[in-house]
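Visitor: One structure follows; several queries about it will come next.
The values are calculated or read from the model by the stated rules, or taken from the named source; none is laboratory data. Here the structure is a predicted model, which means the values were calculated and not measured. Quick reminder, even Gly has a Cβ in these numbers, built from the backbone with ideal geometry, and neighbours come from all protein chains shown.
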Amino acid sequence: MDNTQKVKWGIIGAGNIAKKMADALEITPNCQLCAVASKTPSKARMFADENRIKNAYNYQEIVNNREIDIIYVATTHNFHFDNAKLALEHGKHVLIEKPFTVNAKEARELVRIAREMNLFLMEAMWVRFLPSMTMLKNKIQNYEIGEVKLFNISFGSFVTTEYEKRLKDPALAGGVTLDMGIYPISFVCYLLGELPIDIKSMTRFSDLGVDEISNYMFRFPS
């Protein structure tokens, strides 16, 4: 791609994280946000008007738009698989907001489709792209800080009432692991460049059945 050719983006989802992506695309060279889609037409139209986006679509309409090169999936966790699959099957490259999917079966299916159709597919795990993380990974791999024996990571936050409602809803694939726990998990796997070979966990579940507190112990090949 030359410097004058723009990547044409579409966003599925019209919530807070979609707004952050729209703002980022606006200041990113060689990118153009062409459309937003929501299952609620009025919400898509409002989002489009507020962010100076030309087209407001439903899900089927946005993947049918031949102008769009790549779709950013910004819906709730439970819809990631269906939205990404729809986009891939219509020849779109896909960037999925974390978590990639809610289980391994769904993840493998998306990867299979992307490989068969030679399409770009990635989870939007932003921590992997921080310059500080790249520097730390290089230092670990070059043994500049010695041999790594243990990572001890704690990650959590206070949440608003609105956010808590989604976080605790099983129908929306809520729970702390999919919402927050994937950050340290992805972080460690990225730094070590390998996946765990043994996992032990201890979890406290809410009355609705999602994990409120989760502790994991990973053992890696190295």
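Visitor: All but one of (1) within 17 Å of the chain's Cα centre (by Cα); (2) closer than 21 Å to Met217 by Cα hold for Lys98; state the number of the condition that does not hold.
Guide: (2)
Visitor: Also: So which of Lys6, Lys92, Lys19 ends up being modelled with pLDDT of 95 or more and farther than 27 Å from Asp169 by Cβ?
Guide: Answer to the selection: Lys92.
Every residue, every condition in (1) touching a Gly at 6+ places or on another chain (Cβ under 6 Å); (2) buried (at least 17 other Cβ atoms within 10 Å of the Cβ); (3) of a type in the set (D, E, K, R), yes or no:
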{"site": "Ile12", "(1), (2), (3)": "no, yes, no"}
{"site": "Asn16", "(1), (2), (3)": "no, no, no"}
{"site": "Lys20", "(1), (2), (3)": "no, no, yes"}
{"site": "Thr28", "(1), (2), (3)": "no, no, no"}
{"site": "Ala48", "(1), (2), (3)": "no, yes, no"}
{"site": "Ile53", "(1), (2), (3)": "no, yes, no"}
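Visitor: Those residues that are surrounded by 23 or more Cβ atoms within 10 Å (Cβ to Cβ) and either of a type outside the set (Gly, Ala, Ser) or in contact with a Pro (Cβ under 8 Å, 6 or more places away or on another chain) (or both), I need them from the stretch 64-82; list them, please.
Guide: Ile68, Ile71, Tyr72, Val73, Thr75, His80
Visitor: How do the helices (runs of 4 or more DSSP H) wholly within the stretch 110-222 filter down when requiring 3 or more residues that are modelled with pLDDT of 90 or more: which remain?
Guide: Output list reads 131-141, 182-192.
Visitor: Which condition does Arg52 not pass, out of (1) at negative phi; (2) out of contact with any His (no Cβ under 8 Å at 6 or more places or on another chain), if it passes all the others?
Guide: All conditions are met except number (1).
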